[in-house]
Amino acid sequence: MTGTGTLDRPHVWLPGAPGAGAAPLLLLHGTGGNEFDLLPLRHHIAPGAPVLSVRGSVLENGMPRFFRRLREGVFDEDDLRARVDELAGFLAAAEQEYDVAPGSWRAVGFSNGANIASALLLQRPEALAGAVLLAAMVPFHEPPKADLTGKRVAVVNGRADPMATPELTGTLTAQLRAAGAEVTALTHAGGHTIDPRLLPRISEFLGDVTAAG
């Protein structure tokens, strides 16, 4: 993998419970968040799974993000591509440091974190085994040609989300399926948020992915 290949960014590593056998999770926060924000999700969606939670390396008005944007809803795609390679290099270093099988991560990202996760899938598909994309938009205007055969992805969005609209998440779902991914679409009635009522469904999805993987 290209990228920094070092563990030189803030992150949290939580080893898995002995004998749990769960696939490792990669947690990716939203704009203004940090590596601690999504840690409580593990208890609800994958108890006992090893977890790597990473802070975004870009600041926007002091708020961490995973890549730059030109304005709300318009991504700096050149920067996005560079940050994807950077994150892929970080994951390669983490795999060596924490004894994780290469490419076995299941990314769980919210908002900006979901966008970098979907970009990672499309640009560096070898880096992830699958993903849960919470309130995701479309990362690339022209998506890279990728073979996502065998990757299982859950796209989770709110029907009233003004940013990650149903139209955008529908486009993302179509792009992922066109690349060969097996996509599960989950919706809730709310907006740009994580609906706790869907956590059991996400847990079921991740359990199925682990069993299949």
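Please work out if Gly207 is at negative phi, surrounded by fewer than 16 Cβ atoms within 10 Å (Cβ to Cβ) and assigned to a helix (DSSP H, G or I).
So Gly207 passes the test.
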By residue number, the members of segment 20-37 that are within 16 Å of Met63 (Cα to Cα) and in a loop (DSSP other than H, G, I, E, B) are His29, Gly30, Thr31, Gly32, Gly33, Asn34, Glu35, Phe36, Asp37
State yes or no: is Glu97 under 16 Å from Leu7 (Cα atoms), part of a helix (DSSP H, G or I) and not hydrophobic (A, V, I, L, M, F, W, C)?
yes
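Residue-wise test of (1) in contact with a His (Cβ under 6 Å, 6 or more places away or on another chain); (2) crowded, with 19+ Cβ neighbours inside 10 Å; (3) part of a strand (DSSP E or B).
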residue: Phe67; (1), (2), (3): no, yes, no
residue: Asp79; (1), (2), (3): no, no, no
residue: Val84; (1), (2), (3): no, yes, no
residue: Ala88; (1), (2), (3): no, yes, no
residue: Ala101; (1), (2), (3): no, no, no
residue: Ala107; (1), (2), (3): no, yes, yes
residue: Ala114; (1), (2), (3): no, yes, no
Can you tell me how many residues within segment 153-172 are under 19 Å from Gly130 (Cα atoms) and either touching a residue at least 60 places away in the same chain (Cβ under 8 Å) or surrounded by fewer than 21 Cβ atoms within 10 Å (Cβ to Cβ) (or both)?
2
Being farther than 16 Å from Gly170 by Cα, touching a strand residue (DSSP E or B) at 6+ places or on another chain (Cβ under 9 Å) and hydrophobic (A, V, I, L, M, F, W, C), is that true of even one residue in segment 139-146?
no
Long-range neighbours under 8 Å by Cβ, at least six apart or interchain, first residue at positive phi within segment 29-53, second of a type in the set (A, V, I, L, M) and at pLDDT 95 or above:
Gly32/Met63
List the number of the failed condition for Thr6; all other conditions in (1) in a loop (DSSP other than H, G, I, E, B); (2) under 16 Å from the mean Cα position of the chain (by Cα) hold.
(2)
Across segment 169-203, what is the number of residues that are in contact with a helix residue (DSSP H, G or I) (Cβ under 9 Å, 6 or more places away or on another chain), more than 20 Å from Gly73 (Cβ to Cβ) and part of a helix (DSSP H, G or I)?
5
From the list Pro139, Pro143, Pro166, which residue is touching a helix residue (DSSP H, G or I) at 6+ places or on another chain (Cβ under 9 Å) and either more than 16 Å from Glu72 (Cβ to Cβ) or among the basic types (Lys, Arg) (or both)?
Pro143
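The values are calculated or read from the model by the stated rules, or taken from the named source; none is laboratory data. None of these values were measured; they are calculated from a predicted model. When we count neighbours, we look across all protein chains shown, and the Cβ atoms used for this are built from the backbone with ideal geometry, even at glycine.
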